[in-house]
Amino acid sequence: MYTQEDYYWIWLCEQPGIGPAKRDALLKACGSVVSVYEAGIEQYVAAGVKEEQARQLERSKDLEGVRKRCQEWANQGIFVITRAHTLFPEGLRNIYPSVGRLFGRGDQELLSTSCLSIVGSRKCSSYGAGAARYLGKHLAKAGYTIVSGMASGIDACAHQGALDARGKTIAILGCGIDICYPKGNLRLYEKIAHWGLILSEYPPGTPPKAGLFPMRNRIIAALSRAIVIVEAAERSGALITADQALDAGKEVFAVPGQIFSANSKGTHRLLRQGAMLISDWQDVPLELGDLVQEEQEEKKTFQDADVQAIWEQISWEAQSIQQLSQKLGIEADKFMQCITMLEMTGYVERRPDGSILRKKQ
């Protein structure tokens, strides 16, 4: 599974105190990762490494230990993709800080597919959740692999939408590959590991820390052909991802939101700055110049005509049950029977304030 060069990369990337900048300096000075391994203390110091670190590099040369760790990871269902691997994504070769290797669980072949990122607010509205799930579902059906960060809110809904469509999705973590964060997404984590791909540049066991998530975002941006921002406040990690995508010359799409929502301020700013507005999933392949087959929108049908009429009026945005009843003109008792049936079968969610909306399944 691994080549000798893979082991050199894994060795170099796990050296304490040798971050991406020093790693790049060593590679530039020595010419290749193999030459870095074969170099001596004097060459390390000449490349800008402190003498004690240089001595530690010399002492750490143990490829057999690297092989054993790779086998231990494999026993846990974890693989490593290094820059020497043919599947290492081209988009990750020129980002800063540089990436030397990625840990993964799932289908590594997804790294060679056409990827789109869908990201946004953790504390999203029901409208945002519905939009993310809709886009994830239909873009996955169109053949794209949906990339996101598996955070609560928009990220999770985008992943779930892709899974709903039996499509492909990649989750980029801001912690070790063996840690599910947030814990409430454990079921989603397991589904993605089985049907899609989970990636992290951090070694197994690395706990989630605030500073790791902006670093994670650069991988989301680099891995994808385009970025879709569904909801984002003025200061949002999703906007960092958008900026990184723009710096790489990639398309940025934004979903318009409600003018009174704080979560719409960031996306609306992106639209003012030239991001492409999304009013339908087909806007994305159209703008990217991709030919995809139009699909027939799935329509849920019920035998009871009143249930059908109610269902067609219920949206992803919460609305008053009383106003909905008056609008449809269905007798009150029958109306509530229909609502109860939809609620019990998991199609709608009724809130304590008397509003109702379609349920995220």
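Quick notes on this one:
Let's see how each residue does on (1) within 23 Å of Trp281 (Cβ to Cβ); (2) under 13 Å from the mean Cα position of the chain (by Cα); (3) touching a residue at least 60 places away in the same chain (Cβ under 8 Å); (4) outside the structural domain of Leu199 (by TED's automatic domain parsing):
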{"residue": "Ser114", "(1), (2), (3), (4)": "yes, no, yes, no"}
{"residue": "Ser121", "(1), (2), (3), (4)": "yes, yes, yes, no"}
{"residue": "Ala132", "(1), (2), (3), (4)": "yes, yes, yes, no"}
{"residue": "Val147", "(1), (2), (3), (4)": "yes, yes, yes, no"}
{"residue": "Ala156", "(1), (2), (3), (4)": "yes, yes, no, no"}
{"residue": "Asp164", "(1), (2), (3), (4)": "yes, no, yes, no"}
{"residue": "Ile170", "(1), (2), (3), (4)": "yes, yes, yes, no"}
{"residue": "Ile179", "(1), (2), (3), (4)": "no, no, no, no"}
{"residue": "Gly184", "(1), (2), (3), (4)": "no, no, no, no"}
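- Condition broken by Cys157, with the remaining ones in (1) out of contact with any strand residue (DSSP E or B) (no Cβ under 8 Å at 6 or more places or on another chain); (2) of a type outside the set (S, T, N, Q); (3) part of a loop (DSSP other than H, G, I, E, B) satisfied: (3)
- Check on Ile220, in contact with a helix residue (DSSP H, G or I) (Cβ under 9 Å, 6 or more places away or on another chain), assigned to a strand (DSSP E or B) and at pLDDT 95 or above: no
- Yes/no for Lys300 being part of a loop (DSSP other than H, G, I, E, B), modelled with pLDDT under 90 and of a type in the set (Lys, Arg): yes
- Residue selection: Phe335 fails the criterion of being surrounded by 13 or more Cβ atoms within 10 Å (Cβ to Cβ), more than 26 Å from the chain's Cα centre (by Cα) and part of a loop (DSSP other than H, G, I, E, B).
- Restricting Ala262, Ala248 to residues that are within 22 Å of Leu139 (Cβ to Cβ) and either surrounded by fewer than 23 Cβ atoms within 10 Å (Cβ to Cβ) or of a type in the set (Gly, Ala, Ser) (or both) narrows the list to Ala248.
Residue-wise test of (1) more than 21 Å from Arg187 (Cβ to Cβ); (2) not in a helix (DSSP H, G or I).
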{"residue": "Arg105", "(1), (2)": "no, yes"}
{"residue": "Glu109", "(1), (2)": "yes, no"}
{"residue": "Ser117", "(1), (2)": "yes, yes"}
{"residue": "Cys124", "(1), (2)": "no, yes"}
{"residue": "Gly130", "(1), (2)": "no, no"}
{"residue": "Tyr134", "(1), (2)": "no, no"}
{"residue": "Lys137", "(1), (2)": "no, no"}
{"residue": "Ile146", "(1), (2)": "no, yes"}
{"residue": "Ser152", "(1), (2)": "no, yes"}
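Here is a yes/no grid of residues against (1) in contact (Cβ under 8 Å) with a residue 12 or more places away in the chain; (2) β-branched (Val, Ile, Thr); (3) surrounded by fewer than 19 Cβ atoms within 10 Å (Cβ to Cβ):
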site	(1), (2), (3)
Ile192	yes, yes, no
Leu197	yes, no, no
Pro203	yes, no, yes
Arg225	yes, no, yes
Val228	yes, yes, no
Glu234	yes, no, yes
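- Scanning segment 224-266 for residues that are of a type in the set (S, T, N, Q) and part of a loop (DSSP other than H, G, I, E, B) yields Ser224, Ser236, Gln258, Ser261.
- Residue check for Val80: among the β-branched types (Val, Ile, Thr) and in a helix (DSSP H, G or I): no
The values are calculated or read from the model by the stated rules, or taken from the named source; none is laboratory data. Keep in mind the model is a prediction, meaning the values are calculated, not measured. FYI the Cβ positions are ideal-geometry reconstructions off the backbone, even for glycines, and counts take in every protein chain you see.
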